[in-house]
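This report refers to the structure that appears directly beneath it.
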Amino acid sequence: MEKLIIYAAVGAPNITDPRLPAVPDTWDGLVDSAVAAVEAGASIVHLHGPLDKHHHIIPEKWAQLGRAIRNRCDTLIDFGKAGAPLDQRIPLMQLGRDNPDFMAVSLTGHDYRRNSKALGLHDVYYEHKREELEKYANLLPAAGIKPALEIWHMGGVWNLNYLIGLGLVQKPYWLNLFFGTPGGVWSPPTIEEISHRMASLPHGEPVLLAPRGTAGPVGQTRMLTFGIIKGAHVRLGSQDTPYYSDGVPAQSNAQIIARIARISLELGREIATAGDARRILGLS
């Protein structure tokens, strides 16, 4: 079985409740948190960078964050905020040596509930037409960036097969399966749903599991443990579930990552380094 890729979703300051200790409260704190997560076993760091007053991406700031993390550890960088308009994200593909290794691409629209310091509980809606997905499939490889294909429910599997049919995505596909996010993209955070969706995917491609939201920290741990046994890879961190157990806040992203690394090792599955992750995912 392949070594386990652990993907640390550290997000950004204030994406979740900033009073929780695992959530970075400054950009410098985000860098520190990411580096500590890598030291605990993560080989990929997922982040969201600063936005301007109009909530638009500031590309040079994202580049600085990625550079600061890479200067302190060997890791792969994934730029998130897949809901942002494509024209805002194109500059993130033009950063040269500061380009991320991956960019999140949602294979269906976003429709979910979020809680933030600024807005409180609110709804988020982003549309991603197949025309946009086709553009991502062309632009990202040209920039040397691998798409992290986000599959929230079975509609995402249909769109994945649509892109494969057009010859627009290259193996190995990097398939990120989400479970339990409140809203119209919700899917059951259950073992049965993992098995069902994985069985519907192209055989042998690397799969990442991301239980969050209604999964809760205990459900997340159970689902990820099942995924480790099934040969999948795992995503977790303060962006997804900033709790260590029900009602108990995690103290850091490193604490969250260290537990899943320990579980994997106890199950006999080694932890992937950044070099291992590059090989598994077909990166140079």
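The values are calculated or read from the model by the stated rules, or taken from the named source; none is laboratory data. Since the structure is predicted, the reported quantities are computational estimates derived from the model, not experimental observations. All Cβ positions, even for glycine, are placed from backbone atoms using ideal geometry, and neighbour counts span all protein chains on display.
Taken over the range 122-162, the residue count meeting the criterion of being more than 23 Å from Ala277 (Cβ to Cβ) and assigned to a helix (DSSP H, G or I) is 14. Checked against the criterion of being within 20 Å of Leu281 (Cβ to Cβ), of a type in the set (D, E, K, R) and under 19 Å from the mean Cα position of the chain (by Cα), the candidates Asp74, Asp32 yield just one match: Asp74.
For the range 122-155, the candidate set comprises residues that are crowded, with 23+ Cβ neighbours inside 10 Å and out of contact with any helix residue (DSSP H, G or I) (no Cβ under 8 Å at 6 or more places or on another chain); within that set, the residue that is nearest to Pro91 (Cα to Cα) is Ala148. Within the range 169-199, the residues that satisfy the criterion of being polar (S, T, N, Q), assigned to a loop (DSSP other than H, G, I, E, B) and touching a strand residue (DSSP E or B) at 6+ places or on another chain (Cβ under 7 Å) are Thr181, Ser187. Listed here are the strands (runs of 3 or more DSSP E) enclosed by the range 200-262 that have at least 3 residues being surrounded by fewer than 23 Cβ atoms within 10 Å (Cβ to Cβ): 243-245.
Out of Asp32, Asp28, Asp52, which single residue is farther than 26 Å from Ala258 by Cα, without any contact (Cβ under 8 Å) to a residue 12 or more places away in the chain and either among the acidic types (Asp, Glu) or touching a Cys at 6+ places or on another chain (Cβ under 9 Å) (or both)? Before the answer, list the steps.
Values: Asp32 fails: farther than 26 Å from Ala258 by Cα; Asp28 fails: farther than 26 Å from Ala258 by Cα.
Criteria check complete, one pass: Asp52.
Residue pairs whose Cβ atoms lie under 8 Å apart, separated by 6 or more positions or on different chains, with the first residue in the range 1-19 and surrounded by fewer than 19 Cβ atoms within 10 Å (Cβ to Cβ) and the second at pLDDT below 75, are Asn14/Ser116; Asn14/Lys117; Asn14/Ala118; Asp17/Lys117; Pro18/Lys117. Quick one: Phe102 ticks every box in (1) out of contact with any His (no Cβ under 9 Å at 6 or more places or on another chain); (2) under 26 Å from Lys171 (Cβ atoms) except a single one, so which number is it? Every condition holds for Phe102 apart from (1).
Annotation note: Cβ proximity below 6 Å between a residue of the range 58-75 that is modelled with pLDDT of 95 or more and part of a helix (DSSP H, G or I) and a residue that is among the acidic types (Asp, Glu) and surrounded by 16 or more Cβ atoms within 10 Å (Cβ to Cβ) (sequence gap 6+ or interchain) occurs for Ala63/Asp98; Gly66/Asp98; Arg67/Asp98. For first residues located in the range 83-106 and on the phi > 0 side of the Ramachandran plot and touching a residue at least 12 places away in the same chain (Cβ under 8 Å), partners that are exposed (fewer than 15 other Cβ atoms within 10 Å of the Cβ) and of a type outside the set (Asp, Glu) and lie 6+ apart or on another chain with Cβ distances below 7 Å do not occur.
Of all residues in the range 218-243, how many are free of Cβ contacts under 8 Å to residues at least 60 places away in the same chain and either out of contact with any Gly (no Cβ under 9 Å at 6 or more places or on another chain) or aromatic (Phe, Trp, Tyr) (or both)? Before the answer, list the steps.
Step one: of the range 218-243, the residues free of Cβ contacts under 8 Å to residues at least 60 places away in the same chain are 218-227, 229-230, 232, 241.
From what is left, the residues that are either out of contact with any Gly (no Cβ under 9 Å at 6 or more places or on another chain) or aromatic (Phe, Trp, Tyr) (or both) are 218, 221-222, 224-227, 229-230, 232.
The number of residues fulfilling the criteria is 10.
Scanning the range 64-81 for residues that are buried (at least 21 other Cβ atoms within 10 Å of the Cβ) and either of a type in the set (A, V, I, L, M, F, W, C) or touching a Pro at 6+ places or on another chain (Cβ under 9 Å) (or both) returns Leu65, Gly66, Ile69, Leu76, Ile77, Asp78, Phe79.
Candidates in the range 167-182 are the residues that are in contact (Cβ under 8 Å) with a residue 60 or more places away in the chain and not polar (S, T, N, Q); of these, the one that is surrounded by the most Cβ atoms within 10 Å (Cβ to Cβ) is Trp174. Here Pro141 passes the criteria (1) modelled with pLDDT of 95 or more; (2) in contact with a Lys or Arg (Cβ under 7 Å, 6 or more places away or on another chain) except the one numbered (2). With the structure loaded, tell me whether Val124 is under 22 Å from Phe178 (Cβ atoms) and at pLDDT below 95 or whether it fails that test. Taking the combined requirement at face value, the residue satisfies it.
Selection within the range 102-121: residues that are touching a Phe, Trp or Tyr at 6+ places or on another chain (Cβ under 9 Å) and not in a strand (DSSP E or B). The member of this set that is surrounded by the most Cβ atoms within 10 Å (Cβ to Cβ) is Leu107.
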